[in-house]
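Heads up: the structure comes next, in C-alpha cells.
The values are calculated or read from the model by the stated rules, or taken from the named source; none is laboratory data. Everything numeric here is computed off the predicted structure, so don't read it as measured data. All Cβ positions, glycine included, derive from the backbone under ideal geometry; neighbour counts span all protein chains shown.
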Amino acid sequence: MKTSTRILAAVAALLLLAVYAFPLWRYDLGAPQYPEGLSMSIWVNKIGGQLPLVNQLNHYIGMQTIEPDSLVELRWIPWIVAAMVASGLVIAAIGRFSWLVGWFATLAVLGLAGLADFYWWLYDYGTNLSPDAPIKMPPFVPPIIGTKALANFEVTTHPDVGGVAAFLAGLLALLAIVLEYRSRRA
C-alpha cells in the first residue's frame, strides 16, 4: 500500500480511541417540568448522565430499570474496539491492502451489529412495559436517531462525539481503500 493509504488506515484506527474518552450516543429528554432537560449518555463501557432520574421516571410508565451492569455489551465492546485499533495499526504498518479491506468490512459489520443490538435494547425496554405501572401507555420504541414525542416528553437522540468518531474512522478507512484501489488501476 502507498504511504498515504497507510497513514489514512492508521488514523482511522487511532480515531476509534475516541470512544474511550467520549460517549457514543446521547439521549436528551425535554418536558415542561424539566425546563433544563434531562440527558443520558451511552459510553463504550457505561451509561452516564442522569440515569437514576431517568430510571425513576421510567418506573411510572412501567419501563424496566436500566441496569448498566446487566448489559454484557458494556463489558465486551471495549475489548472489541481495542482489537480493532490494534489490528488497524498492524495492517497500516504491514501494508496489506486485502487486510485493510477486511478490517473495514469488519468495522462496518460491527457498527451495524451494534446499532441492531441497540435497537433491540430500545425495543425491549419500550415494549415490555409493566401492566402494574401507575401511568398506562401503549408500547413504544424510542428512536435511535431523531426526535419522538413520548407522553409529555420530547425525546431526542443522536450520536455523540465517540459515535461520530467511530463513523469517521469507517469513512477514513473507506477513503483509504478507494484511493489505493484507484492508484492501483492507474
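Looking for something farther than 20 Å from Gly170 by Cβ, of a type in the set (S, T, N, Q) and surrounded by 11 or more Cβ atoms within 10 Å (Cβ to Cβ) - is there at least one such residue anywhere in the range 97-108?
Kept after step one, since they are farther than 20 Å from Gly170 by Cβ, are these residues of the range 97-108: none.
The answer is no, given that none of the residues of the range 97-108 is farther than 20 Å from Gly170 by Cβ, of a type in the set (S, T, N, Q) and surrounded by 11 or more Cβ atoms within 10 Å (Cβ to Cβ).
What residue, of Leu110, Leu129, is of a type in the set (A, V, I, L, M, F, W, C) and in contact (Cβ under 8 Å) with a residue 60 or more places away in the chain?
Details: Leu110 fails: in contact (Cβ under 8 Å) with a residue 60 or more places away in the chain.
Just a single option satisfies the conditions, and that option is Leu129.
Go through the residues of the range 146-159 one by one and say whether even a single one is under 11 Å from the mean Cα position of the chain (by Cα), outside any helix (DSSP H, G or I) and among the acidic types (Asp, Glu).
Checked the range 146-159: no residue is under 11 Å from the mean Cα position of the chain (by Cα), outside any helix (DSSP H, G or I) and among the acidic types (Asp, Glu).
Give me the pairs, please: first residue somewhere in the range 34-50 and on the phi > 0 side of the Ramachandran plot and free of Cβ contacts under 8 Å to residues at least 24 places away in the same chain, second residue anywhere and acidic (Asp, Glu) and surrounded by 14 or more Cβ atoms within 10 Å (Cβ to Cβ), beta-carbon distance under 6 Å, and either six or more positions apart or on two chains.
Gly37/Asp28
Condition first: more than 16 Å from Asn55 (Cβ to Cβ), in contact with a Phe, Trp or Tyr (Cβ under 8 Å, 6 or more places away or on another chain) and in contact (Cβ under 8 Å) with a residue 60 or more places away in the chain. Now tell me which residues in the range 132-160 satisfy that.
Within the range 132-160, Thr156, Thr157, His158, Pro159, Asp160 qualify.
I'm trying to understand the selection: among the residues of the range 1-40, which are of a type outside the set (A, V, I, L, M, F, W, C) and in contact with a strand residue (DSSP E or B) (Cβ under 7 Å, 6 or more places away or on another chain)?
Going through the range 1-40, the residues of a type outside the set (A, V, I, L, M, F, W, C) turn out to be 2-6, 20, 23, 26-28, 30, 32-37, 39.
Result: Pro23, Arg26, Tyr27, Asp28, Gly30, Gly37, Ser39.
Return the total of residues in the range 15-40 being among the aromatic types (Phe, Trp, Tyr) and out of contact with any Pro (no Cβ under 9 Å at 6 or more places or on another chain).
Step one: of the range 15-40, the residues among the aromatic types (Phe, Trp, Tyr) are 20, 22, 25, 27, 34.
Next, from what is left, pick out any that are out of contact with any Pro (no Cβ under 9 Å at 6 or more places or on another chain): 22, 34.
The total comes to 2.
Counting just the residues of the range 132-151 that are modelled with pLDDT under 90 and small (Gly, Ala, Ser), which one comes out nearest to Leu24 (Cα to Cα)?
Restricting to residues being modelled with pLDDT under 90 and small (Gly, Ala, Ser), the top hit is Ala149.
Tell me yes or no: at least one residue of the range 25-32 is touching a helix residue (DSSP H, G or I) at 6+ places or on another chain (Cβ under 9 Å), farther than 23 Å from Ala133 by Cβ and either surrounded by 16 or more Cβ atoms within 10 Å (Cβ to Cβ) or modelled with pLDDT of 90 or more (or both).
yes
Report yes if some residue within the range 72-81 is within 17 Å of Ile177 (Cβ to Cβ) and surrounded by 15 or more Cβ atoms within 10 Å (Cβ to Cβ); otherwise report no.
There is no residue in the range 72-81 that is within 17 Å of Ile177 (Cβ to Cβ) and surrounded by 15 or more Cβ atoms within 10 Å (Cβ to Cβ).
Does Ala12 fit the bill of being surrounded by 16 or more Cβ atoms within 10 Å (Cβ to Cβ), under 14 Å from the mean Cα position of the chain (by Cα), modelled with pLDDT of 95 or more and among the aliphatic types (A, V, I, L, M)?
On the way: surrounded by 16 or more Cβ atoms within 10 Å (Cβ to Cβ): yes; under 14 Å from the mean Cα position of the chain (by Cα): no; modelled with pLDDT of 95 or more: yes; among the aliphatic types (A, V, I, L, M): yes.
No, not satisfied.
Does any residue of the range 131-143 turn out to be assigned to a helix (DSSP H, G or I), among the acidic types (Asp, Glu) and either in contact with a helix residue (DSSP H, G or I) (Cβ under 8 Å, 6 or more places away or on another chain) or surrounded by fewer than 11 Cβ atoms within 10 Å (Cβ to Cβ) (or both)?
no
Select, from Ile61, Ile91, the only residue that is surrounded by 17 or more Cβ atoms within 10 Å (Cβ to Cβ) and at pLDDT 95 or above.
Values: Ile61 fails: at pLDDT 95 or above.
That would be Ile91, the only listed residue that is surrounded by 17 or more Cβ atoms within 10 Å (Cβ to Cβ) and at pLDDT 95 or above.
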